[in-house]
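Reviewing the structure listed below.
The values are calculated or read from the model by the stated rules, or taken from the named source; none is laboratory data. Being a predicted model, the structure only gives us computed values, none of them experimental. Cβ coordinates were reconstructed from backbone atoms using ideal geometry, including for glycine residues, and neighbour counts include every protein chain displayed. Accessible surface is based on the protein model in full, side chains and every heavy atom, while ligands, DNA and RNA are left aside. Shrake-Rupley method; radii C 1.70, N 1.55, O 1.52, S 1.80 Å.
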Amino acid sequence: MKFSPSLILALASIMTPALLIAEISKPEATPVSAIKIKEGFKVELLYSVPSQTQGSWVASCFDDKGRLIESDQYGKLYRVTLPSLKGSPLETKVELIPAQIGEAQGLLYAFGALYAVTNSDKYPRGLYRITSSKNDDVLDKVEALRLFANQGGEHGPHAVILGPDKKSLYIVSGNQTPVPKMDFMRVPAHWDEDNLLPPLIGRGFMREVMAPGAWIAKTDPDGKNWELIGTGCRNTYDAAFNRDGELFTYDADMEWDFSVPWYRPTRLCHVVSGAEFGWRSLSKKWPVRWEDGVSPVVDIGPGSPTGMCFGYGAKFPAKYQDALFMCDWSYGKLYAVHLKPKGASYSADFEEFMAAQPLPFSDVLISPKDGAMYLTIGGRKVQSGLYRVTYAGSEGVSPPSSMPGQDALATLRHQLEAFHGRQDSKAVAFAWPNLGHEDRAIRFAARIAIEHQPLADWQDKALNEKNPRIALTALMAVCRSGKGDKSLLPKVIGALDCIDFSKLKGLDRETYIRDYYLALCRFGSKTVVASAAGDATAPAMPGKQKDAESPSHAVVLPSSALDDAMHQKLIAKLSPLFPTGDIWLDVDLCEVLSFLGDAAFLPKAIAIMEGAPTQEEQIAHAKSLRFAKAGWTQELRERFFKWVCLRAPTYAGGASFPLFMQDIRSDAEAGLSEHEKTLLKPILDAKPDVKGPQFSYTPRQFEKDWKIGDLEGLLGAGLEGGRNFANGRNLFGAAACFACHHFGNEGGAFGPDLTSVAGKYSPRDLLRNILEPNFVISDQYGQLEVTLNNGSKVFGRIKNLIDDSVIFNTNMLDPGTKTTIERKDIKSMEQSKVSMMPPGLMNTFKDTDILDLLAYLLSKGNKEDPMFK
């Protein structure tokens, strides 16, 4: 169960001018007065859980009589009789369930029984059924239906939910519990790490966990037959079906990866048949641009996902009856997500529905009996409570007269999914044309259908396919299905050579390079471990090379299994393509060329690494260049190690960040000869001047203390066409904006995500918020002024809650900085009137630079600008 903190906790208080903060020094659950909720809705605190006797609740369900069943994370199960909607919270009745089971992180009442998924050492991890032995409403009989590997911690088995057919159960597990034996596999069982170069280890968390990561499976009410539905998330805690029977889950981020290119924010995922979402441990996570994974519906941001449910049956306005509600434990937020059919899948918008600090949501349900929403807070032994939300506004609450239907392409996807998990003579003919479909979800469904068929039935068809779009998807399927058959390498490379890269656009370009990448991963590479002296030892799996606690560094050497002719052919084909001009395509191509040992691309790659405006892009290139074998001159070595030794240490990120940077340095130094180490000694021994992130080597001089009146006359025609987006992106880095703000697929999350700023602000409003950061301070991104009992003050944001301690982040440029304060030592907290964003960030810019920056932010960015495709 993922209750780990997100690196940057937004202040989720209330939207009124006067900020109300929960009296966290008191042992009661967060008071209603501290909770912000959408207008027209009413919150009631029904019950503050006595922590000493009933623990901290983390999972909920309704039984067949409308009563709640609750589970303490480290204790027993409880049954809660709720007061009527007009009744008093004092009427809430809590009773202990006598069954010898508890510590559940998933509960469901169905088929006349209570189902529980345990995730603890006391009660072996598994799926249990609890019933009444005497049929007297006393739950006392426990059956273990299926035990899982007894490993997992907070990333083990979690939810159990009812299938849309009302005849099946779905089990949701995190990435520390291996996939149990399945009877039917919708996910082809040839998953792998599929990373070409060895990873950065960092703190080594879960370095022993290999693909496929978290999983969701379907079973019958007796737990006899099991079907694997999807894999590849990090730590999915819950899931929910919409009216169309489509499955969604809310996946967790890895906060230790904050501000590195493989960081993936919490996100809503559409769990299609055979889904693979590409989570891998360490620095091996697949980016969204790789088509062998399913893309998320929407990124939410840093957080700790817990319970989720649709608003079906709620006595709410229609908008919220159709909403998907998702709990974020660490931020104290309940999101309302509004899904919209888009092609064969969905898109979504989301809003903050309810929030406070602290308000560690653990579960959310809609009562089928009274139509109210019920929420629990709890987990990790923090103060737990039970809340009820009802609507008291003027809008109607009748069920919608018509339901939004799926796109016609969803029907096609379902037809393709019917071939998943089984061999069928009709599958290849039906799926093949759809390998080139314009809809990514259709291409994915078609490829999975193909991969479930014997390779011999379609291998030659894939290798000889003339349609480039179909060929790209088909060759990806060959790489994945080839079971390491190295004889396939020249055949796949020969087929890729027939595709004209210059005629490809957008994601097709990414998939072209990814296919070369996969062919090398599956058929053309081997990995060995060497000592610091460079002596090779036994082959090793990526992710197991280094003990994070060991004082010595085991050097990981990628090794090509290609013959010389194939090696030179690949370099001759791919090296001239670099750089392509696509930021993240160049990152992938840099890794491929580093693996191949190309010399010609190296000066260009070093220049890109030095000049990139974000630390993510710089790190992405350095991660590959640490293993570059050829093309080094003394000048290039010096430039690379100046970045490694003097520039990278000025950057900040999550808890693993300094160790990731040390890994890059250690691996790169291991590739130096003793003579080279001597020549580089002044750089290797130099100490970085760590004052703040230095994204650019280019010094900037003071230009003007800009005011809104100086520029507003330029905002009309000045933003119409001809603006330099590349310069705008570079300036976004030069002003250190990327250190705190996310835009597109880059940047931090300490401040607001600016990706969709074009739909929220006019050019003048955006400019004013930049020039005058104290003009409006959002409650969501402000800092707290915390006064202690001794009179001292702490400024920062709540980062996490553990037992009776509150952890604050106190440095906006270093997400790893934290200050821990005991609740009893806090006298008061109030919102600071000073923004954490410093003024004067654009005082070194010319007016044309400012216009370029605004145009960059107001563009559709990564969605439409070719620069981000």
What are the pairs with Cβ atoms under 7 angstrom where one residue, in the range 567-593, is farther than 16 Å from residue 629 by Cα and the other, located anywhere, is among the β-branched types (Val, Ile, Thr) and open to solvent by less than 10 Å² (accessible area, probe 1.4 Å)? Sequence gap at least six, or different chains. 574/592; 585/513; 588/513
Complete set of residues in the range 304-330 that are under 16 Å from residue 265 (Cα atoms) and in contact with a helix residue (DSSP H, G or I) (Cβ under 9 Å, 6 or more places away or on another chain): 304, 330
Could you tell me whether any residue of the range 154-175 is out of contact with any strand residue (DSSP E or B) (no Cβ under 9 Å at 6 or more places or on another chain) and at pLDDT below 95? no
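Every residue, every condition in (1) touching a residue at least 40 places away in the same chain (Cβ under 8 Å); (2) closer than 30 Å to residue 446 by Cβ, yes or no:
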{"site": "335", "(1), (2)": "no, no"}
{"site": "345", "(1), (2)": "yes, yes"}
{"site": "361", "(1), (2)": "yes, no"}
{"site": "369", "(1), (2)": "yes, no"}
{"site": "388", "(1), (2)": "yes, no"}
{"site": "410", "(1), (2)": "yes, yes"}
Considering the range 506-527 alone, what residues qualify as being at pLDDT 95 or above and either among the β-branched types (Val, Ile, Thr) or not in a helix (DSSP H, G or I) (or both)? 511, 513
Determine, yes or no, whether residue 118 is of a type outside the set (A, V, I, L, M), without any contact (Cβ under 8 Å) to a residue 40 or more places away in the chain and surrounded by fewer than 19 Cβ atoms within 10 Å (Cβ to Cβ). no
I'd like the residue in the range 350-365 that is assigned to a strand (DSSP E or B) and touching a helix residue (DSSP H, G or I) at 6+ places or on another chain (Cβ under 9 Å) and, out of all such residues, is most open to solvent (accessible area, probe 1.4 Å). 352
I'd like to know if the range 185-200 contains one or more residues that are β-branched (Val, Ile, Thr) and within 18 Å of the chain's Cα centre (by Cα). no
Subset of the range 209-238 (residues that are of a type in the set (Asp, Glu), touching a Ser or Thr at 6+ places or on another chain (Cβ under 8 Å) and part of a loop (DSSP other than H, G, I, E, B)): 220, 238
Here is a check on your reading of the model: is residue 477 farther than 22 Å from residue 277 by Cα, in contact (Cβ under 8 Å) with a residue 12 or more places away in the chain and crowded, with 23+ Cβ neighbours inside 10 Å? no
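Listed here are the residues, each with its yes/no results for (1) among the hydroxyl-bearing types (Ser, Thr, Tyr); (2) open to solvent by less than 10 Å² (accessible area, probe 1.4 Å); (3) in contact with a Pro (Cβ under 9 Å, 6 or more places away or on another chain).
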position	(1), (2), (3)
127	no, yes, yes
150	no, no, yes
155	no, no, no
161	no, no, no
164	no, no, no
176	no, no, no
180	no, no, no
197	no, yes, yes
Among the candidates 617, 591, residue that is touching an Asp or Glu at 6+ places or on another chain (Cβ under 8 Å) and assigned to a helix (DSSP H, G or I): 617
Can you tell me which residue in the range 375-396 is least open to solvent (accessible area, probe 1.4 Å), limited to those that are part of a strand (DSSP E or B) and over 21 Å from residue 357 (Cβ atoms)? 390
Kindly list the number of the only condition in (1) buried (at least 16 other Cβ atoms within 10 Å of the Cβ); (2) over 32 Å from the mean Cα position of the chain (by Cα) that fails for residue 633. (1)
Among (1) out of contact with any Asp or Glu (no Cβ under 9 Å at 6 or more places or on another chain); (2) closer than 17 Å to residue 420 by Cα; (3) open to solvent by less than 20 Å² (accessible area, probe 1.4 Å), the one test that residue 448 misses: (1)
Do we find a residue being in contact (Cβ under 8 Å) with a residue 40 or more places away in the chain, assigned to a helix (DSSP H, G or I), more than 14 Å from residue 200 (Cβ to Cβ) and more than 27 Å from the chain's Cα centre (by Cα) anywhere in the range 650-664? no
Residue hits (the range 130-148; open to solvent by 40 Å² or more (accessible area, probe 1.4 Å) and either within 16 Å of residue 71 (Cβ to Cβ) or outside any strand (DSSP E or B) (or both)) are 133, 134, 135, 136, 137, 138, 140, 142
When you scan the range 450-464, do you find a residue that is part of a helix (DSSP H, G or I) and under 20 Å from residue 273 (Cβ atoms), even just one? yes
So the helices (runs of 4 or more DSSP H) completely within the range 673-743 holding 1 or more residues that are of a type in the set (Val, Ile, Thr) and modelled with pLDDT of 70 or more are 674-679, 681-685, 708-711
So, in the range 266-312, how many residues would count as being outside any loop (DSSP other than H, G, I, E, B), within 13 Å of the chain's Cα centre (by Cα) and among the hydroxyl-bearing types (Ser, Thr, Tyr)? 1
Given (1) under 23 Å from residue 385 (Cβ atoms); (2) not in a loop (DSSP other than H, G, I, E, B), residue 86 misses just (2)
Residues (among the charged types (D, E, K, R), in contact with a strand residue (DSSP E or B) (Cβ under 7 Å, 6 or more places away or on another chain) and open to solvent by 10 Å² or more (accessible area, probe 1.4 Å)) located in the range 247-265: none
Answer yes if at least one residue in the range 91-114 is of a type outside the set (D, E, K, R) and over 30 Å from residue 173 (Cβ atoms), and no otherwise. yes
Note on the range 230-245: residues touching a helix residue (DSSP H, G or I) at 6+ places or on another chain (Cβ under 9 Å) and either of a type in the set (Lys, Arg) or open to solvent by 10 Å² or more (accessible area, probe 1.4 Å) (or both) are 234, 244
Find all pairs meeting these conditions: Cβ atoms under 7 angstrom apart; at least six residues apart or on different chains; first residue within the range 507-523 and on the phi > 0 side of the Ramachandran plot; second residue open to solvent by 10 Å² or more (accessible area, probe 1.4 Å). none
For residue 406, indicate whether it is more than 28 Å from the chain's Cα centre (by Cα) and either open to solvent by 20 Å² or more (accessible area, probe 1.4 Å) or hydrophobic (A, V, I, L, M, F, W, C) (or both). no
Please find, within the range 300-324, the residue that is most open to solvent (accessible area, probe 1.4 Å) out of those that are free of Cβ contacts under 8 Å to residues at least 60 places away in the same chain and within 26 Å of residue 440 (Cα to Cα). 300
